[in-house]
Structure formats: C-alpha cells, structure tokens
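Remarks on the structure that follows.
Please treat every number below as a calculation from the coordinates, not as lab data. Since the model is a prediction, treat every value here as computed from it, not as a measurement. Cβ placement follows ideal geometry from the backbone for every residue including glycine, while neighbour counts extend to all protein chains displayed.
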Amino acid sequence: MPLQTPPLRGLHDERGAKFTEFGGWDMPVEFDSIREEHAAVRDDVGIFDVSHMGEIHVTGPDATTLMGRLTSNDVTTLEVGDSQYATITDEEGIIIDDTVVYRLPDENGEATYLFVPNAGNDEAMHERWIEYRNEWGLEATVDNQTDEYAMFALQGPEAAALASDVVAEPIDDLGRFEARSVTIEGIECWTARTGYTGEDGFEFLVPWMDAETVWSAFDCQPCGLGARDTLRLEAGYVLAGEDFDHESDPRTPYEAGIGFTVKLDTEFVGRDALERVKEEGVEEKLVGFRLIDRGVPRHGYDITNTEGRVVGTVTSGTMSPTLSAPIGLGYVPVEYAEPGTTLRVIVRGQPKKARVETTPFIDTV
Amino acid sequence: MSFDIPADRRYLESHEWAHALESDGDGVVRIGISDFAQDELGDVVFVELPEEGESITAGEQFGVIESIKAVSDLYAPVSGEVVAVNETLFDSPELVNDDPFGEGWMLEVETDDDLESADLELLSADEYDEQIA
C-alpha cells in the first residue's frame, strides 16, 4: 500500500527533513536534530506537522449518544469549545485507540463533534462509528475528514506569545483543553489549547489546501516525530501502538495508567468489563523507570526482577534529552510498580539496573 | 547534502573509518564512523566499545552505537588489539556527531594489517564517496 503523504511533504523535504513511515503516512521524523528540536520545545517554541492524525466528524440528533457510547469519557460534560481525552474500548474494555474529542459549534441546531484517532486508525474508527450507529438505529452523520485537514501542533513555553502574534484574534485567554475557531493569514482554523509534549501550546486543524500558508506563518523551529516521541515520553504520555496495541499488547485504560479517561457513570462499550477490572484491580501496570546503568531501553526489551526472572516488557524508551538519562515505560506486575522499586532491563543480553519512577519524568504544564 | 570524507584514511562499506597514526609509525590505527553515518543516525546518545587489551577482528562487530532513533552495530576495519578507547564518548557521545573524524574517534588498535591491502576490502575516500552518493 502506498504511503499517505501530508500536504507539506514537498516543503518539508526542501527544508531538509528526514522522513519515516508512521501509521501508513510518510512523515518528517527530524528536521535538524532531535536534540535541537526537543530543546526548542522545552525552552522556547517549536511546530510539528501532525497531519497523519485522523479527523472524524460526527453530527446529528443522536451525535452525543453515539459519541458517548463509543468513548470512555463523559461527552455530556463538553460545552461547545471544550475537548477531552478519551479512550475507545472494545466489549472487554481493551483499548482500541485513544483520542481527543472536540465539541464543535452546533451544526443545524445539532450537537457536533470531531474526534482525532491515531494515524492509520481513522478508517477503522469511521467504520466502527457507522456500524454501531446502524446497530443502535441512531440518527447521526459520521464523516471521515482525515484528508480534509492538516494538523499542526505549536508547542513550548513561548507558544502563546508566538500564537498571539500570528493569530488574528486574541488567543492567550484560551484555557487548557478549550478550543475555538481562529483566523491565521485569513484562513479559518479550529484551534485547541492541547498538545502531546508536556508544554503549553496549541493544535491547529487547517484546511488541507491552506496548509502551507498557515505552516509558513509560524517562524519557529520545525520539529519531527522523533522529538515528538522524546517529548511525550518525558511527559509520561502513552503512545498507541507502542504502549498499548489492541492486537499485540491488549491493555485496559487502568493498566495503561489512563483510568482517568474512564467514566463508569456513563454507558459505553466496554464499561461493564471495566467496572469489573476496577473492582478486582489490575495485575499489571504501566510504570515509568530510569536506567541507573549505562544503556538505552527500547520497545520490546525484557524487564526482570533483581533475581533475573522476566516480569515485564519495555513499551517505550529513549535517552531523555532534557534529563540526559535513559528513561522508559513498561508493564510490570503491580508488586513491582511502586516508585523506587529496583528492576533490571535486559539490553542485548545484559541486565541493566533500573528504578521505577513516577511520571511525568519532568515538570509539565 | 554533502559530507566530509577525509582522504587520509580508508573506509568500510558499513561506514567505519580507519586512520593510520603516522606519527607513531608503529601500526596503530584509529577507528571511528563517518560523517555520513553520524548524519544518518542522528543524535548519538550511547556507544558500547571493547576495553583496552581486547581484540577485534576485521569485518566483525566490535561495538554498538545508539542514536535516539536507532541502534546500529559497529564493524572493525582491521584486526588487532585495542590499545586505547575514547572514554570521553561515554559521557559525551554527541562528539560523534560534532566531530566524527576527530574528537569522535572510538578506538585505537595495534594491528599488523595494511590498510591498503585488498584482503581488508577497505575503500578509498573516492570509492566511499561513490558508495554513499
């Protein structure tokens, strides 16, 4: 299958970006260096092209019911211009995807939502929404608009200052997880105070055709998926496909440390299973850890206890550019999940001492 | 993108370089990776190297280099005994990015091998340039 390309593939190429396949998309992984891009976001401001993220638009008389029954969070708390982090779970409460749900301005007097599945999941989520809508006989229109929107993330302590210069309207009053429509170079963009780096910042949904105009309006460090990964990992944010995977590493939100997205007082697919999990407690949990010995933890490496018995697996790992220390996430039995617990990560056959740490690894907004 | 390829040393297809330390004239060869290789890897964060006194064998793996995004094996351009290890890299692996042919060197090896020998299959700077073009 040919890779999908973001609207600015050519522009990024001219800028000297290196590319990588991610979720079926050919995305910039690095513009200058991951370290420089990472530092720009931690200390100043950087911009990411995250056009590989999906966009599913849901509207109609039963839009709220449909969204509510297919996501774990409580959509009824969303006013127009609010957004929330949520998981999409199956009947067993296993995470299929994680997403941000936006309540858009009402269309034709009906509640309207846009949710952002991970790269490559948009078609499956679109189908899932249609199937359940039909099964439940709900009245809602579900559109996959992934190819209609580019998505950019402006992140860093100076993001608000730069956005204020570039956006026509006042923007700094936008609260965390609030969203509204703004104008950039005459282009209307849906803008949320969200991100995936642990820093302050904004995410812009931009009409595909106008992507270059909006991207070029921000004079700051362009950043690739490499820095996005090191930034999110320092912030302790999970990555779909790495820290959970419906097929290869099925996990509930409670195991993945995102139980706060589960509102058991709502009705949704997976709710009953998750209620049982919550009552019984999880056997394994995602923990953060830091290597004390030299080495770099990587996805798939074994975690052992101090006696050398394999007790878990690394799901994400890197050399933290901010901390200059090797950090990672991995699943371990709850008896090993307490911060301060000493474990071993097996790097090329060699056990490396690791210590469980609370996440985020750094101070975040 | 153009890369530095000093003509005073020879290269493996796998992007390591070998440089005879002429001033010594006693068969000591310094080893590192090329500018092209460090650029492909991106930010180097970790190197695993043999210790002084260990032996390495031409064409075989002698260590590992890791960047933020990749793990890569290091191959020996010559055979011999390790007489010096650039331990500065353990704390400052970014020197491999900053100065791959200078301060980012990895090992010095005492060897009887002749860098020009056909057996080693080492490339001249021009040949290496063609390979990465």
>> Suppose a student asked you for the relative contact order of chain A, using Cα pairs under 8 Å spaced at least 6 residues apart; what percent would you report?
In response: 18
> Radius of gyration and Dmax for segment A:73-192's Cα atoms, expressed in Å?
Replying inline: 16.0, 48
>> With 10 angstrom as the radius, rank B:ARG30, A:ARG251 by how many other C-beta atoms surround their C-beta, starting from the fewest.
In response: B:ARG30, A:ARG251
> What percent of all Cα-Cα pairs in segment A:177-285 falls in each 5 Å bin, counting up from 0?
Replying inline: 2, 9, 14, 16, 15, 14, 12, 9, 6, 3, 0
> How crowded by other chains is A:290-298, given as the mean number of beta carbons from other chains within 10 Å of each beta carbon?
Replying inline: 2
> Can you give the net charge of the other residues whose Cβ lies under 9 Å from the Cβ of A:ARG42, counting K and R as +1 and D and E as -1?
Replying inline: -4
>> Return the equivalent ellipsoid semi-axes of chain B as a descending list in whole Å, where each equals the square root of 5 times an eigenvalue of the C-alpha gyration tensor.
In response: 20, 18, 13
>> If neighbour count is taken as other Cβ atoms inside 10 Å, put A:CYS189, A:CYS223 in order from fewest to most.
In response: A:CYS189, A:CYS223
>> Could you tell me which residue out of B:PHE3, B:PHE62, B:THR88 lies farthest along the dipole of chain B toward its positive end? Charges go on the beta carbon: Lys and Arg +1, Asp and Glu -1, centred on the Cα centre.
In response: B:PHE3
>> Kirkwood hydrodynamic radius, segment A:56-144, all distinct C-alpha pairs: what's the number in Å?
In response: 12.8
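Using only atoms on other chains, find how many Cβ atoms lie within 10 Å of each Cβ of peptide A:28-37 and report the average.
Mean number of neighbouring Cβ atoms from other chains: 3.
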>> Nearest 500 deg cm²/dmol is fine: what mean residue ellipticity at 222 nm does the protein assembly as shown get from its DSSP H runs of n ≥ 4 alone, each adding -39,500 (n - 2.57), divided by its residue count?
In response: -5000 deg cm²/dmol
>> Could you work out the percent of alpha carbon pairs in the protein assembly as shown separated by over 37 Å, rounded to a whole number?
In response: 37
> Could you give the semi-axes, largest first, of the ellipsoid that matches segment A:46-87, computed as the square roots of 5 times the alpha carbon gyration tensor eigenvalues and rounded to whole Å?
Replying inline: 23, 12, 11
> For segment B:115-133 and segment A:254-304, what is the separation of their Cα centres, given in Å?
Replying inline: 51
